[in-house]
2 protein chains.
Amino acid sequence: MAVSFAEIREDRPGTFTHSCPTRVVLDHVMSRWGVLVIAALSDGTQRWGELRRGVDGISEKMLGSTLRTLVADGLVARRSLPAVPPHVEYSLTPLGLELVERMLPLLSWVADNADEIVGQKAIART
Amino acid sequence: MAVSFAEIREDRPGTFTHSCPTRVVLDHVMSRWGVLVIAALSDGTQRWGELRRGVDGISEKMLGSTLRTLVADGLVARRSLPAVPPHVEYSLTPLGLELVERMLPLLSWVADNADEIVGQKAIART
DNA sequence: CAGGATCCGTCAAGATACTG
DNA sequence: CAGTATCTTGACGGATCCTG
């Protein structure tokens, strides 16, 4: 379990270099809104409107483009119910579930330590 | 261990909302270069030049500003040896170590699945 | 060697309005 | 309700030059 970054790279030479696919994935998945959308979906299937309200501060444009990338990446599934008014559901794919599983510990830690981290600056300013 | 995003938020109302400290931390830590710099430092103390070479594609400006934020956040320690030519070392603080511990599983997973994820688009294009 | 300062282009991102 | 289209802005990020 004590994997190091060096070990990760040893197994796959060239990983995390500039032109590596991992960079693309990181940009999608660790983007400002990508993380939050994925996290929100970890609570289960959600409709467009729910996501819009759930991910505080996101604009419709950003929600749309973020979802489109994640769907194209195969991390999120889109299901459109033919009805009036329209009803569209988003959920994590198996791949997305694997991802979020590894992301939640990180988010949990951030939630626990955010105050201390931003607090450092207040100390530095003193 | 099966923490859900909902659970994380239940314990701390208002977490991950627009004006929450977690958002700031997320922006620093999940930023394009932030992740990579932190990951690189997980291999141990590194000098400026080593980081510059190790984090493929980063510019001096971005390395500088990324390091400055991470140091201000208390995640990275900066040690300047008084010598000519200058010698400066960067390493993770205990807080930074906690963070990277939770980040490595994620990076490892991304390294394993990146090809498949970016591959989805090729399929979609077909 | 380690970096700060500056200039500038590009694109991400917000606001708004409109549509199936 | 679930988006797309368009416009505008400002921050990110690259290149370059300069300093301790």
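The values are calculated or read from the model by the stated rules, or taken from the named source; none is laboratory data. None of these values were measured; they are calculated from a predicted model. Heads up, the Cβs are rebuilt from the backbone with ideal geometry, glycines too, and the neighbour counts pull from every protein chain shown. Heavy atoms of the whole protein, side chains included, go into the accessibility calculation; ligands, DNA and RNA do not. Shrake-Rupley method; radii C 1.70, N 1.55, O 1.52, S 1.80 Å.
Report yes if B:Gly119 is assigned to a helix (DSSP H, G or I), more than 12 Å from DNA strand C (Cβ to nearest atom) and open to solvent by 10 Å² or more (accessible area, probe 1.4 Å), otherwise no. Yes, satisfied. Of the residues making up the stretch A:11-39, those that are open to solvent by less than 40 Å² (accessible area, probe 1.4 Å) and among the acidic types (Asp, Glu) number 0. Within the stretch B:64-82, the set of residues being open to solvent by less than 50 Å² (accessible area, probe 1.4 Å) and of a type in the set (Gly, Ala, Ser) comprises B:Gly64, B:Ser65, B:Ala72, B:Gly74, B:Ala77.
Yes/no per residue for (1) β-branched (Val, Ile, Thr); (2) in contact (Cβ under 8 Å) with a residue 24 or more places away in the chain; (3) within 12 Å of chain A (Cβ to nearest Cβ):
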{"position": "B:Val37", "(1), (2), (3)": "yes, yes, yes"}
{"position": "B:Ala40", "(1), (2), (3)": "no, no, yes"}
{"position": "B:Gly57", "(1), (2), (3)": "no, no, yes"}
{"position": "B:Thr66", "(1), (2), (3)": "yes, yes, no"}
{"position": "B:Val71", "(1), (2), (3)": "yes, no, yes"}
{"position": "B:Ser80", "(1), (2), (3)": "no, no, no"}
{"position": "B:Thr93", "(1), (2), (3)": "yes, no, yes"}
{"position": "B:Asp115", "(1), (2), (3)": "no, no, yes"}
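Among the residues of the stretch A:2-35, the one identified as on the phi > 0 side of the Ramachandran plot and at the interface with chain B (Cβ under 9 Å from one of its Cβ atoms) is A:Phe16. Criterion first (surrounded by 16 or more Cβ atoms within 10 Å (Cβ to Cβ) and in contact (Cβ under 8 Å) with a residue 24 or more places away in the chain) does A:Ile8 satisfy it? No. Looking at the structure I just gave you, is B:Leu51 more than 11 Å from chain A (Cβ to nearest Cβ), farther than 19 Å from A:Ser31 by Cβ, within 11 Å of DNA strand D (Cβ to nearest atom) and open to solvent by less than 20 Å² (accessible area, probe 1.4 Å)? So B:Leu51 does not fit the description; no.
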